[in-house]
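Here's the structure, in structure tokens; my notes come after.
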Amino acid sequence: FRPLLSLVIILLICAILSGGDFFKLQIVEGHLYGRLIDILRNGSKYVVLAIGMTMVLATGGTDISVGSVMAISGALACSIVDERILAGLGGNVGVAVVLALLVGALCGAWNGFLVAKLKVQPIVATMILLTAGRGIAQLIADGKIVTITSDAYYYISGGYILGLPFPMYIAAVILVLALLITKKTAFGLAVEAIGINSDSARLAGIKVERNTWLIYIFCGFCAALAGLIESAGIKGADCNNCGLMIEMDGILAVAIGGTSLSGGRFSIVSSVIGALVVQTITTTILAFGIAPEVIRVFKAVIVIVICLAQSPAFLAKLRGVFAKKKAVSNG
């Protein structure tokens, strides 16, 4: 409820400040356009990323390499489509997408191997790929910005179905898939158990290492998919800027959704709402002509508020202050 309330409040503030223009929609050539549609289209990559990140954070881990995985995915797909590598495939978009997603899953498998098998701290394990990932992307793209002209590849980000942007459907499919896995199978309970106490989960018969490995593979897959959406949107692969610092936005979206950063309790739907909150903030700041530099500061303030809201000691002190004020007012 709270992340949804936050989203509604932000949208209402935008509506008031814009005089209602923020909610205006128009149909051009059968396609819906407007700021709300922009939020849904541009927020789709955050939604996909937040779903994968939710699963990782629910186990008490973290993945700060997703931005680099996005860069690798975009560089590989665009290089194949542009026939810079694997020219024998003839720039086949379908093959490029599949290979990029498989490489993203492979990156997640590497992170999962370090965390689940070698017991490396998640932030240290994923920092390796955070550092090396962009170098790998640069090697794939031969150190250049790869630009493509394929309409089929651009459709991943710029296409429409029934008047709505295609990235929305991608995010919806991943959301439904994640909900089916976590709500209709025992996997969701296993994730929570691992996040609460991995040792107890292991004693209860849960395959902690295998499940942790699968979670990081899924997160890598989601990061690769987000990289495809971003690279298709700019019609190319910019290895230096693709997904730069987006891991912080992913963690912020999950935190806004109420998922415990220490592991355990999680909500995929709330994380999706949190991702839309992050995108709404960005869209609002840009729509009203505020300097883009403010976006980071504003997000930092939100992080501080979230950390305080999740701190038992701070909440206890806050309740104590209100209790004292109430006692004084009652005489």
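Can you tell me which of ALA190, ALA204, ALA75 moves the most in a GNM of the chain? Springs connect C-alpha atoms under 10 Å apart.
Maximum among the listed residues: ALA204.
Using the Cα centre as the reference, give the magnitude of the dipole from point charges on the C-beta atoms of region 124-225 (Lys, Arg: +1; Asp, Glu: -1; all else neutral), rounded to the nearest 20 debye. Could you put the intermediate results ahead of the total?
Values: 7 positive and 5 negative charges, 36 e Å.
Taking the Cα centre of region 124-225 as origin, the dipole is about 180 debye.
For every other residue with a beta carbon closer than 11 angstrom to the beta carbon of LEU57, add +1 if it is Lys or Arg and -1 if Asp or Glu, then tell me the sum. Show your work: numbers first, answer last.
Details: positive: ARG265; negative: ASP63.
Once positives and negatives cancel, what remains is 0.
Apply the Karplus parameterisation 6.51 cos²θ - 1.76 cosθ + 1.60, with θ equal to phi minus 60°, to every residue of region 211-222 and state each ³J(HN,Hα) to the nearest whole Hz, in sequence, with x for glycine and proline.
5, 5, 4, 4, 5, 5, 4, 5, 5, x, 4, 5
Considering only lysines 8 or more places apart in sequence, or on different chains, count the pairs in the chain whose C-alpha atoms sit under 27 Å apart.
16
Taking the Cβ-Cβ separation of LEU189 and VAL124 as r and a Förster radius of 30 Å, what is the calculated FRET efficiency to the nearest 0.05?
Values: r = 28 Å, r/R0 = 0.94.
According to the calculation, E is roughly 0.60.
Sort 235-242, 211-218 by the packing proxy (mean of other Cβ within 10 Å over each peptide's residues), most packed first. Numbers along the way, then the final one.
Numbers: 235-242: 21.1, 211-218: 23.1.
Ranked by mean Cβ neighbours within 10 Å, highest first: 211-218, 235-242.
Would you check the accessible area of SER68, probe 1.4 Å, heavy atoms only, in square angstrom rounded to 10?
Accessible area, nearest 10 Å²: 0 Å².
Going by amide H atoms built from the backbone, whose H comes under 5 Å of the H on ILE148, apart from near neighbours?
GLY236
Any idea what the relative contact order of region 204-307 is, in percent, if you count C-alpha pairs under 8 Å spaced at least 6 apart?
Values: 57 pairs, mean separation 16.9, N = 104.
Reported as a whole number, the value is 16 percent.
Taking R0 as 51 Å, what FRET efficiency do you get between ALA323 and LEU139 from their Cβ-Cβ distance, rounded to the nearest 0.05? Don't skip to the end; give the middle numbers.
Working: r = 60 Å, r/R0 = 1.18.
E(calc), rounded to 0.05, equals 0.25.
Please grab the % of Cα pairs in the chain that end up more than 35 Å from each other. Walk me through the intermediate numbers first.
Details: 13529 of 54615 pairs.
Counting every Cα pair in the chain, those more than 35 Å apart make up 25 percent.
Pull up all non-local amide H partners of GLY263: gap of 5 or more, or a different chain, and H-to-H distance under 5 Å with H placed in the peptide plane.
GLY60
Ignoring ligands, DNA and RNA, what percent of the accessible area of region 65-220 is carbon or sulfur (1.4 Å)? Provide the component values of the computation, followed by the final result.
Values: 5180 of 7490 Å².
The C+S portion of the solvent-accessible surface of region 65-220 is 69 percent.
Give me the dipole magnitude in Debye, nearest 20, for region 272-326 about the Cα centre, with unit charges on the beta carbon: positive for Lys and Arg, negative for Asp and Glu.
Numbers: 7 positive and 1 negative charges, 105 e Å.
It comes to approximately 500 debye.
Compute the relative contact order of region 21-157 as a whole-number percentage, counting only Cα pairs closer than 8 Å that sit 6 or more residues apart in sequence.
Numbers: 133 pairs, mean separation 37.8, N = 137.
It rounds to 28 percent for region 21-157.
At a threshold of 8 angstrom on Cα-Cα distance, excluding pairs fewer than six apart, so keeping six or more, what relative contact order does the chain reach in percent? Present the calculation step by step, with values, prior to reporting the outcome.
Details: 556 pairs, mean separation 102.7, N = 331.
The value is 31 percent.
Would you kindly state how much longer the chain becomes between ILE304 and ILE181 on full extension, computed as 0.36 nm times their sequence separation minus their alpha carbon distance, in nm to one decimal?
Numbers: separation 123, 0.36 × 123 = 44.28 nm, distance 3.21 nm.
Net length gain for the segment: 41.1 nm.
Just the accessible area per residue of the chain, please: how many Å² with a 1.4 Å probe?
Working: 15970 Å² over 331 residues.
Result: 48 Å² per residue.
The values are calculated or read from the model by the stated rules, or taken from the named source; none is laboratory data. None of these values were measured; they are calculated from a predicted model. A quick note on method: Cβ atoms are made from the backbone with ideal geometry, for glycine too, and the neighbour counts reach across all protein chains shown. Just so you know, the surface numbers come from the protein's heavy atoms only, side chains and all, with ligands and any DNA or RNA stripped out. Shrake-Rupley method; radii C 1.70, N 1.55, O 1.52, S 1.80 Å.
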